[in-house]
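Encoded as structure tokens, here's the structure I'll be asking about.
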Amino acid sequence: MSPTPILEVRGLKKHFAARSGLFEEKATVKAVDGVSFSVMPQESFAVVGESGCGKTTLGKLVLALERPTEGSILFEGRDVGAMSRAELKAMRSRLQVIFQDPYSSLDPRMTVAQIIAEPWDIHGLHKNPAERAKRLHKLLDDCGIAKSFLDRHPHEFSGGQRQRVGIARALALEPKLIVADEPVSALDVSIQAQVLNLLKDLQKEHQLAYLFISHDFSVVRHLCTRIAVMYLGRVVETADSETLFNDPQHPYTEALLSAVPVPDPAVEKRRKRILLSGDVPSPLKPPPGCRFHPRCRYAVDSCRVSDPALDEARPGHAAACAVLPFKDRRSDAALVAL
């Protein structure tokens with residue numbers, strides 16, 4: 001019997017009203033437009049895509065910071081949209097977030113001890129001073145933070161140290177799922193590796209599941225077991241990490257992977273970059289048919305009319321493409337995995 005997903009997203013949509021010009025009528029931005037996926041307990045699931053594809057909005061919907069226009073979100077089998085304020089508060093003790101910018105997400109007036117302990121004050125936990133101190137020191141040890149930092153403020157730390165404080169705060173309530181929104185993109189490359197290794201270690205120790213939001217495939221491959229690729233509000237491909245890197249089945253995924261640097265000079269030399277033509281279409285006026293067809297080198301006439309659904313022709317591997325999926329081919333992008 002397969003385990004029950006800790007998170008299920010079903011047909012999720014989030015549309016915003018906007019104006020495309022000063023004197024023009026209101027238009028609708030379809031930031032998230034029919035997204036479905038599930039995250040299993042203790043799994044690392046990534047959502048990857050360019051800026052503006054809707055991945056951060058998706059994270060806000062999962063955290064119940066935004067209400068969906070349509071669709072449902074089930075956390076531990078319960079519909080988040082049907083929860084009362086009290087039920088949402090209780091749920092958030094098991095669903096936490098790590099923000100992208102470790103400086104703006106920490107209150108500059110609070111010390112490290114106050115920042116990490118704030119979730120306990122909100123939820124009425126660990127009121128006993130001795131118990132609180134013991135729990136606080138354990139979190140510091142887990143996240144690699146020196147105890148001498150307890151009385152310092154965020155501006156006294158480097159970016160990597162601040163992000164460790166943010167991670168410790170997310171762990172304070174012992175969650176089962178953490179939404180990590182670009183948690184290393186603001187850090188130096190050497191510090192990124194340290195934080196990613198920390199997240200992997202914490203996942204094992206605390207039995208965490210991650211919903212990891214990123215634009216960087218090299219970061220995602222290091223941490224995540226399954227990946228969903230988003231483009232203009234929709235998921236265009238899902239697969240486990242190794243399958244996606246070895247055999248991408250959507251032209252957008254193929255192009256993104258071709259831009260990932262390869263440390264082997266011989267492989268990098270014979271690898272061809274796929275340069276996408278044009279810019280990402282405006283979400284106010286997405287193209288008809290397949291949303292990627294204006295930039296796709298494989299597009300045929302039907303792509304301009306028909307919008308393909310996410311088709312799982314192989315177990316666990318689905319792609320929203322009418323031309324390429326599951327054909328006998330070996331793309332240049334697949335050399336990333338060599």
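Which one of the conditions (1) crowded, with 17+ Cβ neighbours inside 10 Å; (2) touching a strand residue (DSSP E or B) at 6+ places or on another chain (Cβ under 9 Å); (3) not small (Gly, Ala, Ser) does LEU276 fail to meet, given that it meets all the rest?
(2)
For the range 131-145, state whether one or more residues are farther than 19 Å from VAL62 by Cβ, exposed (fewer than 14 other Cβ atoms within 10 Å of the Cβ), of a type in the set (Gly, Ala, Ser) and out of contact with any helix residue (DSSP H, G or I) (no Cβ under 7 Å at 6 or more places or on another chain).
no
Turning to a different aspect of this structure: Quick check: anything in the range 182-196 within 26 Å of LEU74 (Cα to Cα) and at pLDDT below 95?
yes
Something else now. Which residues, counting only those in the range 240-284, are at pLDDT 85 or above and among the aliphatic types (A, V, I, L, M)?
LEU244, ALA255, LEU256, LEU257
Residues are listed down the side, and each one gets a yes or a no for (1) surrounded by 22 or more Cβ atoms within 10 Å (Cβ to Cβ); (2) within 26 Å of GLN100 (Cβ to Cβ); (3) without any contact (Cβ under 8 Å) to a residue 24 or more places away in the chain:
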| residue | (1), (2), (3) |
| --- | --- |
| ASP188 | no, yes, no |
| GLN207 | no, yes, no |
| ALA228 | yes, yes, no |
| LEU232 | yes, yes, no |
| GLN249 | yes, no, no |
| ARG270 | no, no, no |
| PRO288 | no, no, yes |
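A further question on this structure: Among residues belonging to the range 291-326 that are assigned to a loop (DSSP other than H, G, I, E, B), among the aliphatic types (A, V, I, L, M) and in contact (Cβ under 8 Å) with a residue 12 or more places away in the chain, point out the one that is nearest to PHE37 (Cα to Cα).
Going through the qualifying residues, I end up with LEU310.
The values are calculated or read from the model by the stated rules, or taken from the named source; none is laboratory data. Because the structure is a prediction, the values reported are computed rather than measured. Methodologically, a virtual Cβ is constructed for each residue, glycine included, from the backbone with ideal geometry; neighbour enumeration extends over all protein chains shown.
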